[in-house]
There are 2 protein chains.
Amino acid sequence: MKIAVLGTGMVGRAIAGKLANQGHQVTMGTRDPNATKSRSEPDQMGNPPFPVWGKENPEVKLAKFNEAVLGADMVVNATNGAGSLDALHAAGNLDGKVILDVSNPLDFSKGMPPQLFVSNSESLAERIQNTFPAAKVVKSLNTTNAYLMVDPKQLANGEHTVFVSGNDAAAKGKVSELLRGFGWTDVIDLGDITTARGPEMWLPLWLRIWGSTQSPMFNLKIVRAAK
Amino acid sequence: MKIAVLGTGMVGRAIAGKLANQGHQVTMGTRDPNATKSRSEPDQMGNPPFPVWGKENPEVKLAKFNEAVLGADMVVNATNGAGSLDALHAAGNLDGKVILDVSNPLDFSKGMPPQLFVSNSESLAERIQNTFPAAKVVKSLNTTNAYLMVDPKQLANGEHTVFVSGNDAAAKGKVSELLRGFGWTDVIDLGDITTARGPEMWLPLWLRIWGSTQSPMFNLKIVRAAK
């Protein structure tokens, strides 16, 4: 597949790198590729600057948001939640495209741990779907850290859970296939895009479990009764 | 221990019955015991009227909120979230008491599935703690259904997780001991009472997993990397 990954942070890098390794044709989208390419300092989170990663992943292209999306079969929204709508607007025409939305509506303005800037009666995924009604938004992967997203088997041999939410069954099918390719075996389809409120509202608990266990290398497994 | 369980619905019954079976001296608290005792119809959820349960659990007393709490070492808030503050006000002096808060701030006024009437920047547990500053509020058990709360081993031999949040370490210790008595083996201490926002905001995901899997007999397990 031809896939655009919007966002050049840790999540975008993890997903773009994995997809390229799997043989997909991947272009990462960013606002200003020249600025991204000229960075030489680690970011606020201490991650190495993009060029360090770019050198190790030469098969991944870098382009402006709208150039990355041109002709792409799937668009991965790996931008930070607060900037997601702006980034998707900059990407241009998204009609008919599958948007895999892995972002979280984190609000850092109230201190740590972050709150959510949309929750309860709405979700960021719904905002994206409502803003781009002809796109096919699928929420997934936002419930875990970037390393587990693309390599779940590194934890308990992958014995844990990921969710998909979206209005379009075929789009969810495509995303689920991608997830299985990453190593996910337990994919729960929660229902339409409004169900994305659930996995987005998981974040506050995720953040506090991280605080308590002092490691982001965990995930939830939904343990069910045997059928 | 002498324990007051506020609320006579399924959650209150499950917890009161279990505690009484374990030899604790249990009094359930309700607004109007005579009204509760004279019910003869199932409730809105289809649960049998209280007297049916009461006959099977004769060792559990029923009293007004304030009478139930008199002399109790621990108070369990198993009322519905929307009525919790009123019920606790009716219970009288809660100074120094451990309040195990198992309620959820569910708001059914916007249709199904319910939303939360407090979340993100606050939690119901914090409201309770702030309203009764001399009480020792511990949030726990609200993350699962009533049957699993008191008998986690009926699912996957108890291989799943429960949380505690609260400002008072000794109170969390007492609650954790009680949880272990119920069969819980993985008890994660999330931190102070503000961390209750996490497990309360889990409910929207819980509700949608229930909708998707068509059974409430599940729980989350926090899968961590081996140390």
Sole exception among (1) open to solvent by 10 Å² or more (accessible area, probe 1.4 Å); (2) within 14 Å of chain A (Cβ to nearest Cβ) for B:Ala90, by number:
(2)
Identify, from the list A:Leu220, A:Leu190, the residue that is touching a strand residue (DSSP E or B) at 6+ places or on another chain (Cβ under 8 Å) and without any contact (Cβ under 8 Å) to a residue 60 or more places away in the chain.
A:Leu190
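Specify the residue that is nearest to B:Asp73 (Cα to Cα); the eligible residues are those in segment B:28-50 that are open to solvent by less than 30 Å² (accessible area, probe 1.4 Å) and out of contact with any Leu (no Cβ under 7 Å at 6 or more places or on another chain). Let's see the steps before the verdict.
Filtering segment B:28-50 for residues open to solvent by less than 30 Å² (accessible area, probe 1.4 Å) gives B:28-30, B:33, B:36, B:47, B:49-50.
Restricting the remaining residues to those that are out of contact with any Leu (no Cβ under 7 Å at 6 or more places or on another chain) gives B:47, B:49-50.
Values: B:Asn47: 29, B:Pro49: 28, B:Phe50: 25 Å.
Checking each candidate, the answer is B:Phe50.
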Given the criteria open to solvent by 20 Å² or more (accessible area, probe 1.4 Å), more than 8 Å from chain B (Cβ to nearest Cβ) and not polar (S, T, N, Q), does A:Lys139 qualify?
no
Output yes when any residue across segment B:145-154 is closer than 19 Å to B:Gly81 by Cα and either basic (Lys, Arg) or assigned to a loop (DSSP other than H, G, I, E, B) (or both), and no when none is.
yes
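Answer with yes or no whether A:Val102 is crowded, with 23+ Cβ neighbours inside 10 Å and either under 19 Å from A:Gly9 (Cβ atoms) or aliphatic (A, V, I, L, M) (or both). Show your work before the answer.
Numbers: crowded, with 23+ Cβ neighbours inside 10 Å: yes; either under 19 Å from A:Gly9 (Cβ atoms) or aliphatic (A, V, I, L, M) (or both): yes.
Yes; evaluated as a whole, the condition is true for this residue.
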Inside segment B:142-161, the number of residues satisfying the requirement of being within 12 Å of chain A (Cβ to nearest Cβ) and surrounded by 16 or more Cβ atoms within 10 Å (Cβ to Cβ) is 11
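For segment A:41-70, give me the residue count where each residue is charged (D, E, K, R), assigned to a loop (DSSP other than H, G, I, E, B) and modelled with pLDDT of 95 or more. Walk me through how you get there before you give the answer.
As a first pass, look at segment A:41-70 and keep what is charged (D, E, K, R): A:41, A:43, A:55-56, A:59, A:61, A:64, A:67.
If we keep only those that are assigned to a loop (DSSP other than H, G, I, E, B) too, we end up with A:41, A:43, A:59.
Those still in the list that are modelled with pLDDT of 95 or more too: A:59.
Total satisfying the criteria: 1.
Need a quick list: helices (runs of 4 or more DSSP H) entirely within segment B:163-227 having at least 2 residues that are over 16 Å from B:Ala125 (Cβ atoms) and more than 7 Å from chain A (Cβ to nearest Cβ). Please lay out each step first, then the result.
Working: elements: B:169-182, B:197-201, B:203-213.
In segment B:163-227, B:169-182, B:203-213 are the helices (runs of 4 or more DSSP H) which contain 2 or more residues that are over 16 Å from B:Ala125 (Cβ atoms) and more than 7 Å from chain A (Cβ to nearest Cβ).
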Which of the residues spanning segment A:62-87 are touching a Pro at 6+ places or on another chain (Cβ under 9 Å), open to solvent by 40 Å² or more (accessible area, probe 1.4 Å) and not acidic (Asp, Glu)?
A:Lys64, A:Ala82
If B:Ser109 meets every condition in (1) open to solvent by less than 20 Å² (accessible area, probe 1.4 Å); (2) among the hydroxyl-bearing types (Ser, Thr, Tyr); (3) free of Cβ contacts under 8 Å to residues at least 12 places away in the same chain apart from one, which number is that one?
(1)
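Looking at B:Arg127, is it more than 10 Å from chain A (Cβ to nearest Cβ) and either part of a helix (DSSP H, G or I) or without any contact (Cβ under 8 Å) to a residue 24 or more places away in the chain (or both)?
Details: more than 10 Å from chain A (Cβ to nearest Cβ): yes; either part of a helix (DSSP H, G or I) or without any contact (Cβ under 8 Å) to a residue 24 or more places away in the chain (or both): yes.
Answer is yes for this residue.
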Are there any pairs with C-beta distances below 9 angstrom linking a residue in segment A:23-46 that is touching a residue at least 40 places away in the same chain (Cβ under 8 Å) to a residue that is assigned to a helix (DSSP H, G or I) and charged (D, E, K, R), with the two at least 6 apart or on different chains, and if so which?
A:Thr27/A:Glu67; A:Met28/A:Arg13; A:Gly29/A:Glu67; A:Arg31/A:Asp86
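The values are calculated or read from the model by the stated rules, or taken from the named source; none is laboratory data. Just so it is clear, the structure is predicted and the values come from calculations on it, not from any experiment. Cβ: placed from backbone, ideal geometry, glycine included. Neighbour counts: every protein chain shown. Just the protein is used for accessible areas: all its heavy atoms, side chains included, with ligands, DNA and RNA removed. Shrake-Rupley method; radii C 1.70, N 1.55, O 1.52, S 1.80 Å.
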